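The block underneath contains the structure these notes are about, expressed in structure tokens.
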Amino acid sequence: MKLLGQWVYLYRAAGRAAQTVDFRLSARRDVAAAKAFFKKAIKSQGQPPHSITLDGYAASHRAVREMKADGVLPDDTKLRSSKYLNNLIVQPEMAHTGISQIMQIGRMAHAFHMKVIPHASIGIGIYQAASLHAAAALPNVPMHEYQHSVFDRNLAHVKTTMRCEHGAFTLPEGPGLGIEPIDSVWAFVAGGWR
């Protein structure tokens with residue numbers, strides 16, 4: 001990631017429920033940086049982890065082996081490698097999946113302790129309203145993506161109480177999804193079908 005004009009690597013440890021345990025920014029991604037991060041995380045938690053899941057990057061695996069050999073980590077610390085287990089966020093898009101599928105994705109993600117952060121849907125606001133309703137019904141949605149170039153422009157084409165102000169969405173209220181296309185949208189659609 002780029003921070004203040006400099007490229008840095010983000011080391012992040014997450015617990016079972018996907019909460020961030022600790023993190024460290026480093027100018028390098030090597031064995032020394034991985035060891036420094038693990039030592040920082042162990043110190044902040046007061047004890048070493050029972051298991052560690054890493055992606056396939058060899059330096060992180062080597063750092064764990066060396067820390068076991070040095071006695072910093074217990075010998076029985078389980079080391080797993082998975083490029084998917086550390087993916088703790090799912091980002092479905094309503095326009096591509098639909099309400100039923102987003103709810104199913106959300107329940108499955110919850111079962112695996114993953115967060116859902118729905119993608120800001122394109123369209124005239126109907127997909128966004130559906131996505132916000134689905135997000136409100138799921139237990140593992142800490143936020144919803146917002147794109148001003150999509151969301152704000154779409155509000156001009158619908159009647160709705162849906163808003164995004166000061167970083168928070170107002171859930172649309174009313175019949176159905178709480179959103180209705182304005183007359184000019186209906187006229188455009190009807191004209192397009194002739």
Discussion item. Taking the condition of being out of contact with any strand residue (DSSP E or B) (no Cβ under 8 Å at 6 or more places or on another chain), of a type in the set (Gly, Ala, Ser) and either assigned to a loop (DSSP other than H, G, I, E, B) or outside the structural domain of Ala129 (by TED's automatic domain parsing) (or both), how many residues in the range 153-189 meet it?
Written reply: 3
Worksheet item: Got at least one residue in the range 141-152 being within 16 Å of Val90 (Cα to Cα) and assigned to a helix (DSSP H, G or I)?
Response: no
Worksheet item: Somewhere in the range 78-87, is a residue modelled with pLDDT of 90 or more and at negative phi?
Response: yes
Item to complete: Have a look at Met114, Met94, Met67, Met103 and point out the one that is within 14 Å of the chain's Cα centre (by Cα) and either among the hydroxyl-bearing types (Ser, Thr, Tyr) or surrounded by 13 or more Cβ atoms within 10 Å (Cβ to Cβ) (or both).
Response: Met114
Item to complete: Run Phe23 past the list (1) in contact with a Leu (Cβ under 8 Å, 6 or more places away or on another chain); (2) farther than 30 Å from Leu132 by Cβ; (3) surrounded by 13 or more Cβ atoms within 10 Å (Cβ to Cβ) and report the number of the one that doesn't hold.
Response: (2)
Practice prompt. Give the residues of the range 120-140 that are at pLDDT below 90 and part of a loop (DSSP other than H, G, I, E, B), sorted by residue number.
Written response: Ala120, Ser121, Ile122, Gly123, Ile124, Gly125, Asn140
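The values are calculated or read from the model by the stated rules, or taken from the named source; none is laboratory data. What you see is a predicted model, and the numbers here were worked out from it, not measured in a lab. As a convention, Cβ positions derive from the backbone with ideal geometry for all residues, glycine included, and neighbour counts pool all protein chains shown.
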